[in-house]
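Student: This structure is in structure tokens; I'll ask about it shortly.
The values are calculated or read from the model by the stated rules, or taken from the named source; none is laboratory data. The shown structure was predicted, so the numbers you read here are calculated from the model rather than taken from an experiment. Cβ placement follows ideal geometry from the backbone for every residue including glycine, while neighbour counts extend to all protein chains displayed. SASA here: full protein model, heavy atoms, side chains in, ligands and nucleic acids out. Shrake-Rupley method; radii C 1.70, N 1.55, O 1.52, S 1.80 Å.
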Amino acid sequence: MHLLVEQPENLPRLIETLERARSAVGRCHTCGNMAESELCGICSDPRRDPSAVCVIEHVPDLMAIERSAAWRGQYHVLHGKLSPIHGVGPEQLNFSSLKQRLEGDQITEFVLALSNDIEGQATCHYIQEEIIKDRPIKITRIGFGLPSGGGVTYADSVTLRSALDGRREYQ
């Protein structure tokens, strides 16, 4: 409203900036995060632990966890969660590159940081049964300092730190 009513002369500049961002920003080939090149800043950072991967639903979840400074591993963005009722199956999510990441022997732990709802649980189960299968990889689930049905995106840094510190083996 402010731009439309008070500063309509700024609208063309905003639209141009958004168009430039749309053409310059894509997905990281490794994790699915936003990137201006083939790899995002996290995947290309040699200080990050490539053996531990935090699996999340959306890019804002990654940003929320990064704000907590509680995670020094890498990420994998699914871009959603399984939800047959909404027409979201495995084909619509970023599972193919997750499988590719497992081809190397580098990953030793997956931290499942998905929503604490039925779709999040189903997605965790799918990852365990269909993606990881019999590989010797530790699977943990973040602790639930988050409210049931709540998402990672809206949690404060202290709650996210507690949730990551309290993660447990996923069964």
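Student: Of everything in region 26-39, what is at negative phi and open to solvent by less than 60 Å² (accessible area, probe 1.4 Å)? Give them in sequence order.
Tutor: Residues satisfying the conditions are 26, 28, 30, 31, 33, 35.
Student: Another question, then. Please enumerate the residues belonging to region 24-58 that are of a type in the set (S, T, N, Q) and either over 25 Å from residue 98 (Cα atoms) or in contact (Cβ under 8 Å) with a residue 40 or more places away in the chain (or both).
Tutor: 30, 33, 51
Student: Among 112, 146, 164, which is at pLDDT below 90, under 26 Å from residue 84 (Cβ atoms) and aliphatic (A, V, I, L, M)?
Tutor: Only one candidate passes the filter, namely 146.
Student: Please enumerate the residues belonging to region 40-94 that are charged (D, E, K, R), surrounded by fewer than 22 Cβ atoms within 10 Å (Cβ to Cβ) and not in a loop (DSSP other than H, G, I, E, B).
Tutor: Within region 40-94, 49, 66, 67, 91 qualify.
Student: Would you check if residue 103 is acidic (Asp, Glu), open to solvent by 20 Å² or more (accessible area, probe 1.4 Å), without any contact (Cβ under 8 Å) to a residue 12 or more places away in the chain and within 14 Å of residue 126 (Cβ to Cβ)?
Tutor: Answer is no for this residue.
Student: A further question follows. Looking at region 132-143, can you tell me whether even one residue there is surrounded by fewer than 17 Cβ atoms within 10 Å (Cβ to Cβ) and within 12 Å of the chain's Cα centre (by Cα)?
Tutor: For region 132-143, residues surrounded by fewer than 17 Cβ atoms within 10 Å (Cβ to Cβ) and within 12 Å of the chain's Cα centre (by Cα): absent.
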